[in-house]
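J.: This is the structure, below, for whatever I ask next.
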Amino acid sequence: MEERYIRNLGALTEAECALLREKTVLVAGCGGLGGYLIEMLLRLGLGEIRAADGDCFEASNLNRQLLSAPGLLGKSKAEAAAERAALVNPEVRFVAVPEFVTEENADRLIRGCDAVLDALDNIPSRTMLAKKCAEAGIPLIHGAICGWSAQAAIALPGDGLIEQIYRSGAALKSKASLSFTPPFCAALQTALCVRLLAGREVETGKLYVADLLNMDLETIALLPDRGRPAGERG
Amino acid sequence: MIEVRFFATLRQGRGKIAQVPAEEAAAALDLFRRFDIPAEEVSILLINGFHSKPEDPVKDGDVISLFPPVGGG
């Protein structure tokens, strides 16, 4: 094993590390969540990371987005991610896609992925991506933040978890986010992703919710069993 | 009494937990009104830990948990 991955051992087996080196993921969004997800996945040593975002940095990103810097305002977030990848771990194949994930390009972006990480910033795009992943049979690692709050989950193809999380008509009230909320959420997502890709046991149908203001950590069982359409009483 | 538990931003101005006399609410939706919460500001509603709909009935002794939509990235 290469020395750069030595400290993975003990927490992961050599066989699991080797398995991760064969995996391909899409990180949908290179903002607050995406920047940290990319960093964590690069250092773990995946096979291929695709990173998609059509946005460019602006000053309001600087309070929380790892890839942003005052000297990079106006620069493509996806291109900044590619530069970071080349610096941090050039062994990982990195495909930067300077496009927003849309109904039109999602099929192409997720094709061949072992998992997709949701780092988007709005509910319609999230539900669209969930639908595309379900159709393609690819697990989606959900993550979302607001202010002091973060949530994460594994959505399996066809389980309808994302639709359960975002009840019809639910609307985001605030765009607030603090420096520590995205890395906290990205860590939850990455841990779920590693467990899934390394073949460890995972619990599905559950949403992990953290309110860092009150230090409340909740696990909400939204789906009783895999595949069972959900959650309603009786 | 019905116990209402608020999470994250829904705690602002409401605290963590409230008790409501059972006769004041027939459905979860009545509790939204009681605490002045627009329906679109509740993404997940649990009744006694089960994922539920706003129009589902509530009764004495129930514990209602309300979570706001979290969707930023």
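Throughout, read-outs are computed from the coordinates displayed, never taken from laboratory work. What you see is a predicted model, and the numbers here were worked out from it, not measured in a lab. Cβ atoms come from the backbone with ideal geometry, glycine included; neighbour counts cover every protein chain shown.
J.: Calculate the mean, over all residues of peptide A:154-166, of how many other protein chain Cβ atoms lie within 10 angstrom of the residue's Cβ. Could the numbers behind the result be given before it?
T.: Numbers: counts 0, 0, 0, 0, 0, 0, 0, 0, 0, 0, 3, 7, 5.
For this peptide, the per-residue mean of nearby foreign Cβ atoms is 1.
J.: For the stretch B:2-67, what proportion of DSSP beta bridges, expressed in % and rounded to the nearest 5, is antiparallel? Each step should come with its number before you reach the end.
T.: On the way: 11 of 15 bridges.
The antiparallel fraction comes to roughly 75 percent.
J.: On a 27 Å Cα-Cα criterion, which of the cross-link pairs A:K132/B:K16; A:K23/A:K175; A:K23/A:K132; A:K131/B:K53 come out too long?
T.: Values: A:K132/B:K16 37 Å; A:K23/A:K175 33 Å; A:K23/A:K132 19 Å; A:K131/B:K53 22 Å.
From A:K132/B:K16; A:K23/A:K175; A:K23/A:K132; A:K131/B:K53, over 27 Å: A:K132/B:K16; A:K23/A:K175.
J.: Which net charge results when you count Lys and Arg as +1 and Asp and Glu as -1 among the other residues whose beta-carbon is under 14 Å from that of A:T219? Please report the intermediate quantities before stating the final value.
T.: Details: positive: A:K206; negative: A:E203, A:D211, A:D216, A:E218.
Once all neighbours under 14 Å are counted, the net charge is -3.
J.: Would you tally the net charge around A:L197, using a Cβ to Cβ cut-off of less than 11 Å, leaving A:L197 out, and scoring K and R as +1, D and E as -1? The partial results should precede the final answer.
T.: Numbers: positive: A:R21, A:K23, A:R195, A:R200; negative: A:E16, A:E22, A:D114.
Here the charged neighbours net out to +1.
J.: Through the Karplus equation 6.51 cos²θ - 1.76 cosθ + 1.60, θ set to phi - 60°, convert the phi angles of the stretch A:88-94 into ³J(HN,Hα) values in whole Hz; use x for Gly and Pro.
T.: 7, 7, x, 6, 7, 5, 10
J.: Then there is this: Most exposed first by the Cβ proxy, i.e. fewest other Cβ within 10 Å, how do B:S65, A:S174 rank? Don't skip to the end; give the middle numbers.
T.: Values: B:S65 21, A:S174 13.
In order of increasing Cβ crowding within 10 Å: A:S174, B:S65.
J.: Could you list A:L67, A:L12 in order of exposure, starting from the residue whose Cβ has the fewest other Cβ atoms within 10 Å?
T.: The order, fewest Cβ neighbours first, is A:L12, A:L67.
J.: If each DSSP helix of 4+ residues adds -39,500 (n - 2.57) and the sum is divided by the residues in the protein assembly as shown, what number results at 222 nm, nearest 500 deg cm²/dmol? Let's see the in-between values first.
T.: On the way: 8 runs with 80 residues, N = 307.
The helix contribution divided over the protein assembly as shown gives -7500 deg cm²/dmol.
J.: Can you give me the C-alpha center-to-center distance between the stretch A:157-219 and the stretch A:16-33, rounded to a whole angstrom?
T.: Here the two parts' Cα centres lie 17 Å apart.
J.: What list of ³J(HN,Hα) values in whole Hz, one per residue of the stretch A:163-169 in order, does the Karplus curve 6.51 cos²θ - 1.76 cosθ + 1.60 (θ = phi - 60°) give from phi, with Gly and Pro shown as x?
T.: 5, 6, 5, 10, 3, 3, x
J.: Same structure, new question: Which order do A:K77, A:K131 fall in if you start with the one that has the fewest other Cβ atoms within 10 Å?
T.: Neighbour counts put them in this order, fewest first: A:K131, A:K77.
J.: Does the stretch B:2-67 classify as rounded, prolate or oblate by the C-alpha gyration tensor (a ≥ b ≥ c root eigenvalues; a/c under 1.5 gives rounded; else a/b over b/c gives prolate, otherwise oblate)? List each step's numbers first, then the result.
T.: Working: a/c = 1.40, a/b = 1.23, b/c = 1.14.
Verdict is rounded for the stretch B:2-67.
J.: Could you tell me whether chain A comes out rounded, prolate or oblate from its Cα gyration tensor? Rule is a ≥ b ≥ c as square roots of the eigenvalues, rounded for a/c under 1.5, then prolate if a/b exceeds b/c, otherwise oblate. If you can, show how the numbers build up before the last one.
T.: On the way: a/c = 1.42, a/b = 1.14, b/c = 1.25.
Rounded is the answer for chain A, as its axis ratio a/c remains below 1.5.
J.: If you add up the charges near A:A51, with Lys and Arg at +1 and Asp and Glu at -1, over every other residue whose beta carbon is less than 10 angstrom from its beta carbon, what do you get? Walk me through the numbers before you get to the answer.
T.: Values: positive: A:R50, A:K77, A:R84; negative: A:D53, A:E79.
Result for the neighbourhood of A:A51: +1.
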